[in-house]
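Peer 1: Handing you a structure now.
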Ligand code: NCD
Ligand code: ZN
Ligand code: ZN
C-alpha cells in the first residue's frame, strides 16, 4: 500500500496538566504530541494536580490557556461534590463536553466516595452531555443505577478488566444510555510488561492479565467498546521513580501506531480503527466534521516508537522501541498544515 488519507482523529481522554502541573505537560507540548500522533481534537480532563477544573473561573482560565495549542481542545468539568450550583452554567459552555466523576483514587484531588454526594451529582447534572466515570467493579453498578434513575448519559472511562467489560455489555443489553472506552495500554500490556516496566506501567486502573486483555479485544471486535481513548497521563521520570510512583502513562504519540499494529496482526480492520478514533467519539460528543482537516500515513509501513524522540514533555513511553505501524506524515487542520514529513511545524 501507500500513503492514505484519514480524518483528523479525536482522543476523548487526555490530561494536558495546565494549569497546576506544567512540569509534566502543557497545552503547547501536549497538543504537539496530539498532532504528531494523528489527533486534531482532544478532550482534556479536569483533575489538574493542585488546580482542578471545578469552577467556572477555572474553566474559563483553561480555555484561555489552551489558545497556545496546535490542535482543537475541548474540556470536561470536574466535581468534588461541592460545586453543584455551577453545573447548569458549565453544562451550557460550548467548549465543555461532559462532567467527570472520580469514584476511585487516582491522580489529583477529585475523589468522591460519599454515596449521598454521588447521588446529588447525578441529580444536579441536568444535561445531555455525558457523565464520564472513573470507576471499577461495584462502583460502576452504583453509577449505572443512578444514570438510570436520573436519565443521564454515562461513559465508562478506561475499562480494564473482563468483569467490568461484562458490566458494560449487560447495561447496553438492558438499553441503558452507556458507552465505554479502553486504552491502548490495557489492550497491549499485561502481566509480563508489568514486571518488565515496573512503575512505568503503573496506571489506574492497573494493567490486567491476559484474560482481561483478551476480553477487551473481544469487546473491541463485538462493538461493546465504543472508543479507544489514550488516557494520555504524562508524569516526569522523577515522579515515576518516587515511592509510591505517580499513576499514569503518556499515550498520544503511540495510540494510532498501536491500533495499526493490531490491523497488521489481523486483530481488527482499518475501518474499526476509524470507528474507534473518529466515528465513536463524534457520536458520543456530537462533534461536527471539520472541513479541510485530515491526516496522511502509510498504514502498512512500520516505524519504531520513540526513534525520533517525543513531543510530550515527559519524553518517555511504555512502548518505547516497539515496532508500530503508520507513522503520521501529514496533518492538516482546517486547511493549515501542522505536521509535514512526520515533523510538527
Ligand atoms: C491519570 C492521571 O495521571 O491524571 N492517571 C492514570 O493512572 N490513569 C488519572 C486517571 O485517568 O485516572
Ligand atoms: Zn481515570
Ligand atoms: Zn485519565
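Just so you know, all these numbers are worked out from the coordinates, no wet-lab data involved. The model shown is predicted, which means the values in this text are computed figures rather than measured ones. Every residue, glycine as well, gets a Cβ built from its backbone with ideal geometry; the counts of neighbours run over all protein chains shown.
Peer 1: From zero up to wherever the largest Cα-Cα distance of the range 224-274 sits, split into 10 Å bins and tell me the percent of pairs in each.
Peer 2: All Cα pairs, binned at 10 Å, distribute as 23, 37, 23, 15, 0 percent.
Peer 1: If one takes the longest principal axis of the Cα atoms in the chain, at what angle in degrees, from 0 to 90 and to the nearest 10, does the Cα axis of helix 115-124 lie?
Peer 2: So the inclination is approximately 80 degrees.
Peer 1: So if I take the centroid of the Cα atoms in the range 297-337 and the same for the range 244-267, what is the distance between those two points in Å?
Peer 2: Each part's Cα centre sits 11 Å from the other's.
Peer 1: Moving on to the next point. Taking the Cα atoms only, what angle lies between the long axis of helix 255-264 and the longest principal axis of the chain, rounded to 10 degrees?
Peer 2: Between helix and principal axis, roughly 60 degrees.
Peer 1: Indicate, rounded to the nearest 5 percent, the antiparallel portion of the DSSP beta bridges found entirely in the chain.
Peer 2: Counting only bridges with both partners in the chain, antiparallel ones make up about 40 percent.
Peer 1: Sorted from largest down, give the three principal axis spans of the alpha carbons of the range 215-345, whole angstrom values.
Peer 2: For the range 215-345, the Cα spread along each principal axis is 44, 39, 30 Å.
Peer 1: Please compute one quarter of the surface area of the Cα convex hull for the range 1-143 and express it in square nanometres.
Peer 2: Answer in nm², one decimal: 10.1.
Peer 1: Rounded, prolate or oblate, given the Cα gyration tensor of the range 12-79, with a/c below 1.5 counting as rounded?
Peer 2: In terms of gyration-tensor shape, prolate.
Peer 1: A further question on this structure: Would you calculate, for the chain, the mean residue ellipticity at 222 nm contributed by helices, counting each DSSP H stretch of 4 or more residues as -39,500 (n - 2.57) and dividing by all residues, to the nearest 500?
Peer 2: Only helices count here, giving -9000 deg cm²/dmol.
Peer 1: So for the pair residue 269, residue 211, with labels modelled 7 Å out along Cα→Cβ, what separation do we get in nm?
Peer 2: Calculated label separation equals 3.2 nm.
Peer 1: Now, a different point. Roughly speaking, what is the centre-to-centre gap between the range 11-67 and the range 168-199 when only Cα atoms are used, to the nearest Å?
Peer 2: 23 Å
Peer 1: What order do you get for 3, 289 when you list them from fewest to most C-beta neighbours inside 10 Å?
Peer 2: 289, 3
Peer 1: Between 103, 45, 237, where does the largest GNM mean-square fluctuation fall for the chain, given springs only between Cα atoms within less than 10 Å?
Peer 2: Top of the fluctuation ranking is 237.
Peer 1: What is the gain in length, in nm to one decimal, between residue 63 and residue 334 on full extension, counting 0.36 nm per residue of separation less the C-alpha to C-alpha distance?
Peer 2: 95.6 nm
Peer 1: Let me know the Kirkwood hydrodynamic radius for the chain, please, with Cα pairs as the basis and the value in Å to one decimal.
Peer 2: 19.9 Å
Peer 1: Same structure, new question: Given the Cα-Cα distance of residue 163 and residue 308 and 0.36 nm per residue of separation, how much length would full extension add, in nm?
Peer 2: 48.4 nm
Peer 1: If one takes the longest principal axis of the Cα atoms in the chain, at what angle in degrees, from 0 to 90 and to the nearest 10, does the Cα axis of helix 162-173 lie?
Peer 2: Once rounded, one gets 70 degrees.
Peer 1: Right, something else. With each pseudo-label sitting 7 Å past Cα toward Cβ, what's the residue 109-residue 2 distance in nm, one decimal?
Peer 2: Between residue 109 and residue 2, the simple spin-label model gives 5.7 nm.
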